[in-house]
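Read-outs throughout are calculated quantities, based only on the coordinates presented, and are distinct from any laboratory measurement. Remember, predicted model here, so these are calculated numbers, not experimental data. Glycine gets a Cβ as well: all are built from the backbone with ideal geometry, and neighbour counts include every protein chain shown.
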Amino acid sequence: MKMNPKIDGTGVAIVTPFHNYGSIDFGSLEKLLNHIIEGGVDFVVSLGTTSEAPTLTSDEQDAVMEMVKETVDGRVPVVMGLGGNSTRSIVSKLKKTDFDGIDAILSVAPYYNKPNQKGLYQHFKAIAASCPVPIILYNVPGRTSSNISAATTLQLARDFDNIAAIKEASGNLAQVMEILANKPEGFKVFSGDDALTFPMMTLGGNGVISVIANAYAAEFSDMVRLLKKKEYDEALILNYSLMPIIEQLFADGNPGGIKVVLENMGIAKNNLRLPMVKVNKQVNQALTKLMSEYKNPLK
């Protein structure tokens, strides 16, 4: 099973907007999706970490996916976050999910129960056996306390045709290079860290699943396109222009930072669900100031 070739370049881990009283703000979700697609992103990822998916009920997750599919309407590919720390539960959900309009899933490494490499392999083997669409592994040990090693990633990529890519957010460039140097043909490597997108793509990565592109969709997508064309000098200018904002986005928790930016842009309100809370006053002020000063250096 091959990955949709359009799942390449800039993907966006979209936020879930909420009303002041806590329910999902579907009007703002529609506005956000149109904003990022018109900004030139290549694909969207719904129900990932940035979406606060663990705070959504199963019915709310289904409603978000339906809204995403309806609004995107085939303009770009759609990836659905579907992972967790209970293999059996994930397999059960895979069997019940309507994959019409879903081009791939993003499946995070199991969190909290901290399996060893054999456990990680068997977990994703079971998912691969039940998943009718391509799978993007998601390695984010800073959140899961469970690192998918390069050796395990490569073995999974070789053994299962539908394990088609990885979102690598380990922050370990040596691990990333080992995957890039030895991966089977067609297996894609996406940055899971906006700040490391430039070096990962210069090493041979295929793109990014981004947070900042919720807001700066055009600028970040332009940088990724320049990198794919190996126009590194111009891409580096864009990279450094966005770095101060990227640093502040994660200074006091994600998606708290990006929701400050989206509210300032008039796209979605700065509301989160517990246990996530708004960023502190200093980070809010820093982001607001950086936004007011930002100018695309290539325009």
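Listing for the model above:
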| read-out | value |
| --- | --- |
| Gain upon complete extension [S130, A63; 0.36 nm per residue less C-alpha separation] | 21.8 nm |
| Candidates A126, A53, A13, ranked by Gaussian network fluctuation over the chain, Cα under 10 Å, top entry | A126 |
| Relative packing of 141-150, 186-195, which averages over residues the other C-beta atoms within 10 Å, highest first | 186-195, 141-150 |
| Spin-label pair T55/D73, simplified geometry with 7 Å Cα→Cβ offset, distance in nm | 3.0 nm |
| Unsatisfied cross-links (Cα-Cα over 26 Å) in the set K230/K289; K188/K278; K118/K183; K93/K118 | K230/K289; K188/K278 |
| Estimated inter-spin distance, N34 and D100, nm [label 7 Å along Cα→Cβ] | 2.5 nm |
| Percentage of interatomic Cα-Cα distances in the stretch 204-299 larger than 19 Å | 42 percent |
| Those trypsin sites (Lys or Arg not before Pro) in the stretch 1-85 that DSSP places in a loop and that have at most 14 other beta carbons within 10 Å | K2, K6, R75 |
| ³J(HN,Hα) computed for each position of the stretch 288-295 - Karplus, 6.51 cos²θ - 1.76 cosθ + 1.60, integer Hz, glycine/proline x | 4, 5, 4, 4, 5, 8, 6, 9 |
| The chain - percent relative contact order, Cα under 8 Å, separation 6 or more | 19 percent |
| Low-density loop positions, GluC sites (Glu not before Pro), the stretch 102-198 - DSSP coil, at most 15 other Cβ in 10 Å | E185 |
| Sparse-neighbourhood loop sites, chymotrypsin sites (Phe, Trp or Tyr not before Pro) in the stretch 1-43 - DSSP loop, at most 14 other Cβ within 10 angstrom | Y21 |
| Mean Cβ count within 10 Å, highest first, over the residues of peptides 98-110, 81-93 | 98-110, 81-93 |
| Cα-projected label distance for K299 with M1, points at 7 Å along beta-carbon direction, nm | 4.0 nm |
| Helix-only mean residue ellipticity at 222 nm for the chain, each DSSP H run of n ≥ 4 adding -39500 (n - 2.57), per residue, nearest 500 | -13500 deg cm²/dmol |
| Distance between the stretch 177-212 and the stretch 235-299 - C-alpha centres, whole angstrom | 23 Å |
